[in-house]
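The values are calculated or read from the model by the stated rules, or taken from the named source; none is laboratory data. This one's a predicted model, so the numbers in the text were calculated from it and none came from an experiment. Cβ sites come from the backbone with ideal geometry, for glycine too, and all protein chains shown count toward neighbours.
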Amino acid sequence: MKGNPEDRAVALGQFVVETGATVRRAARQFGISKSTVHKDLTVRLRRCNRALYLAVQQVLRTNKAERHLRGGAATRHKYHPEAD
C-alpha cells in the first residue's frame, strides 16, 4: 500500500483497533514490513490522530501481554497437531 504515510497510518490504526490484529498480521494484510507497521502505529499515528493512537496502543499492549500464550499454543500445535 503506497501513498501518503499518514493515510496509511490511519488505515492501519483502524484495522488494528477493529480486529485486534498483531503487528505481523497487519503487515501481512497491508503488504508492508513489520517495521513500517510499527513506525506508522507508534510515530506517525501519534502525530496525526491522537485518539486513534491511544486506542491502538491499548491493543498493542494487550497483544504484547498475550504473546507468550500464542507462542506456547503455536509450539503445542507444531508438535501435537491432533491436540486441537
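Okay, residues lined up against (1) in contact with a Pro (Cβ under 6 Å, 6 or more places away or on another chain); (2) in contact (Cβ under 8 Å) with a residue 24 or more places away in the chain:
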{"position": "VAL16", "(1), (2)": "no, yes"}
{"position": "THR22", "(1), (2)": "no, yes"}
{"position": "PHE30", "(1), (2)": "no, yes"}
{"position": "SER35", "(1), (2)": "no, no"}
{"position": "ARG44", "(1), (2)": "yes, yes"}
{"position": "ASN49", "(1), (2)": "no, yes"}
{"position": "LEU52", "(1), (2)": "no, yes"}
{"position": "GLN58", "(1), (2)": "no, no"}
{"position": "ALA74", "(1), (2)": "no, no"}
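Give the residues of region 46-84 that are over 16 Å from the mean Cα position of the chain (by Cα) and acidic (Asp, Glu), sorted by residue number.
GLU82, ASP84
When you go through LYS34, LYS78 one by one, which is the residue that is among the basic types (Lys, Arg) and modelled with pLDDT of 95 or more?
On the way: LYS78 fails: modelled with pLDDT of 95 or more.
Sole residue among the options that is among the basic types (Lys, Arg) and modelled with pLDDT of 95 or more: LYS34.
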